[in-house]
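Read the structure below first, then the notes.
The values are calculated or read from the model by the stated rules, or taken from the named source; none is laboratory data. Model, not experiment: these values are computed from the prediction. Here the Cβ positions follow ideal geometry from the backbone for every residue, glycine too, while neighbour counts run over all protein chains shown. Heads up: the accessible areas ignore ligands, DNA and RNA and are worked out on the full protein's heavy atoms, side chains in. Shrake-Rupley method; radii C 1.70, N 1.55, O 1.52, S 1.80 Å.
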Amino acid sequence: MGKRVLITGIAGQDGGHLAKLLHEKGYKVYGIIRGQMEASHPRYQAVKQEMPYVELIMADLLDLSSLVRAVQLAQPDEVYNLAAISHVGYSFRDPILTADVTGKGVVNMLEAIRLSGGEKTIRFYQASTSEMFGGLDYNRPDKGYSEDANFHPRSPYGVAKLYGHWITVNYRESYGMFACNGILFNHEGERRGSEFVTRKISKAVARIKYGKQDVLELGNLDSKRDWGYAGDYVEGMWRMLQQDKPDDYVLATGETHTIREFCELAFKEISIEIKWQGSDAEEVGVDASTGKTVIKINPEFYRPAEVDLLLGDPTKAEKVLGWKRKVDFPGLVKMMVDHDLGLES
Ligand code: NAP
Ligand code: G4F
């Protein structure tokens, strides 16, 4: 008999990658989708069409009873809690919902496992994040953040995730649950939501190429992120739950790049060299050969507090899990732009 898995956030970026990976490994995959959807609902249909092998279960992280039912129905060996309000900028606009879903939702999922009698048998993965480090107290500029670095979250999202992180540790220590936190640095790809900066850029580049858009509006160009490919990171999640002992692991590339660099590489894919002119909110990116402005700043996308620098140290995951990212930064940018050129052509 193959293993059974329950994935929350199945419709999100990582949910799709993880479902595919585990299906290929022979798992019976159950996925939680939220809302009061009939099977005929277009969104339900879209997920089902992309992942016909997934049994979809209607449930919500805010509703403990629905999660208990989901666990009872799926009878999983492993639960991956990927669902969250995951957009950092949005979390400033809706901090209370973010606390409820991204923070309290984790304890709801853990309690659903306990109430279903699965605390000794079900392995649990929590989607923790580099946002918890926050970029302050950064004392290892040479190597990046590892598992024992200080946390200093800078957004309602980061604060909510920190609760989810520690309640996962607490259930491991209190009840002996096999519960792991994957502290993942940014990971992107063709399934990334277009509200996140990398996909926003790759989509805009493709639309500009085909004359469907003139200008890309962005916020802070100078923050740095450690960007990897989501397909590589779900492999790391799975490896965490296959160990003899539960533990927490950083997954990262060990490289960091600015939003500005991402833009430059992405536009290069359509043979546009970006020249930057002006400063602060007046800065623009122009097409060096035509002088046309293709990037401008819209301060609406600035955040009340910013994480200026994220750089991860994946040494522990590489040593213990044998995990290593495969896709590098230029490869990631190219993959995303090529994908969007295909969609927009
Ligand atoms: P994502 O694309 O935003 O997916 C999150 C999913 O959560 C969505 O499908 C969403 O459903 C679902 N969701 C939201 N509220 C819910 C609720 N109340 N009940 C049930 N489901 C709900 O995020 P992702 O990029 O795949 O990331 C997966 C997880 O890893 C998230 O927890 C994220 O915070 C964390 N993480 C991500 C990264 C990254 O770089 N991608 C890095 C570190 C950590 P709808 O589709 O209905 O909106
Ligand atoms: O793409 P972002 O929205 O990702 P962010 O804030 O780093 O969060 C992502 O990674 C986290 C891991 O560290 C996850 F936990 C989280 O769930 C999410 O997946 O923004 C990246 C950077 C920020 O500094 C932001 O200020 O890009 C900057 N940025 C500049 N212009 C923009 C924009 N971000 C967005 N979303 N949209 C812009 O127009």
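Could you give the length gained by full extension between Y302 and R114, i.e. 0.36 nm per residue of separation minus their alpha carbon distance, to one decimal place?
63.6 nm
Treating each Cα of segment 1-53 as an identical point scatterer and ignoring solvent, apply the Debye formula and state log10 I(q)/I(0) at q = 0.13, 0.14, 0.24 Å⁻¹.
One equal scatterer on each Cα of segment 1-53 leads to -0.29, -0.34, -0.91.
So if each residue of separation counts as 0.36 nm, and I subtract the Cα-Cα distance between M1 and W166, what length gain in nm does that give?
Details: separation 165, 0.36 × 165 = 59.40 nm, distance 3.36 nm.
Between M1 and W166, full extension yields an extra 56.0 nm.
Considering only protein heavy atoms and a 1.4 Å probe, what is the carbon-and-sulfur percentage of the accessible area of the chain?
Roughly 49 percent of what the probe reaches on the chain is carbon or sulfur.
What distance in nm lies between label points placed 7 Å from Cα along the C-beta direction at D338 and H87?
Going by the 7 Å Cα→Cβ label model, 2.9 nm.
Compute the signed sum of charges (Lys and Arg +1, Asp and Glu -1) over the other residues within less than 14 Å, Cβ to Cβ, of E217.
-1
With just the Cα atoms of segment 285-345, tell me how far they stretch along each of the three principal axes, in Å, largest first.
Principal axes ranked by extent give 50, 36, 22 Å for the Cα atoms.
Rolling a 1.4 angstrom probe over the protein heavy atoms, how many square angstrom per residue are accessible across segment 1-152?
Working: 6920 Å² over 152 residues.
Spelled out: the 1.4 Å probe surface of segment 1-152, per residue, equals 46 Å².
Of V250, I295, M240, which is farthest towards the positive pole of segment 229-308's charge dipole, taken about the Cα centre with +1 and -1 on the beta-carbons of Lys, Arg and Asp, Glu respectively?
Result: I295, furthest along the dipole toward the positive end.
At a 1.4 Å probe radius, which order do W276, W227 fall into by accessible area, largest first?
Final ranking, largest accessible area leading: W276, W227.
May I ask you to evaluate 6.51 cos²θ - 1.76 cosθ + 1.60, the Karplus curve with θ = phi - 60°, for each residue of segment 280-287 and list the ³J(HN,Hα) values in order in whole Hz, giving x for glycine and proline?
Along segment 280-287, the couplings run 6, 5, 8, 5, 9, x, 10, 5 Hz.
Ignoring ligands, DNA and RNA, how do H41, H187 rank by accessible area with a 1.4 Å probe, largest first?
Largest accessible area first, the residues go H41, H187.
How do H165, H152, H257 rank by accessible surface area computed with a 1.4 Å probe, from largest to smallest?
H152, H257, H165
Using alpha-carbon pairs under 8 Å, 6+ residues apart, how would you state the relative contact order of segment 72-179 in percent?
Rounded, it is 37 percent for segment 72-179.
For the chain, what is the convex hull volume of the alpha-carbon atoms per residue, in Å³?
Looking at the chain, the number lands at 137 Å³ per residue.
May I ask you to derive the FRET efficiency for D63 and S345 from their Cβ-Cβ distance with R0 = 51 Å, giving the value to the nearest 0.05?
0.75
Give me the 1.4 Å probe accessible area per residue for segment 258-345, excluding ligands and nucleic acids, in Å².
Value returned for segment 258-345: 52 Å² of accessible area per residue.
For a test of understanding, tell me how many lysine pairs in segment 243-317 have Cα atoms under 26 Å apart, given they are 8 or more places apart or on different chains. Don't skip to the answer; put the middle values down first.
Numbers: K245/K316; K268/K292; K268/K296; K275/K292; K275/K296.
Pairs that pass both the separation and distance tests number 5.
Residues of segment 28-51 with backbone nitrogen within less than 19 Å of a virtual label 7 Å along the Cα-to-Cβ line of Q75, please, listed as ranges.
Zone members listed by number: 28-32.
According to a simple spin-label model (label point 7 Å from Cα along Cα-to-Cβ), what is the distance in nm between W276 and Q49?
Going from the Q49 label point to the W276 one covers 4.1 nm.
What net charge do the residues around I208 carry, taking every other residue with its C-beta under 10 Å from that of I208, with Lys and Arg at +1 and Asp and Glu at -1?
Result for the neighbourhood of I208: +2.
Solvent-accessible area of Y53, probe 1.4 Å, all protein chains present, reported in Å² to the nearest ten, please.
Accessible area, nearest 10 Å²: 60 Å².
Work through the residues other than K326 whose Cβ is under 11 Å from its Cβ and net out their charges, Lys, Arg +1 and Asp, Glu -1.
Its environment carries a net charge of -1.
From the C-alpha coordinates alone, can you work out the Kirkwood hydrodynamic radius of segment 23-95, in Å?
About 13.8 Å for segment 23-95.
Rounded to the nearest 500, what is the 222 nm mean residue ellipticity of the chain from helices alone, with -39500 (n - 2.57) per DSSP H run of 4+ residues and division by all residues?
After summing the helix terms and dividing by the residues of the chain, the value is -11000 deg cm²/dmol.
In nm, give the distance between the simple-model label positions of V284 and N150, each being 7 Å from the Cα along the Cα-to-Cβ direction.
If labels sit at V284 and N150, their model points lie 4.3 nm apart.
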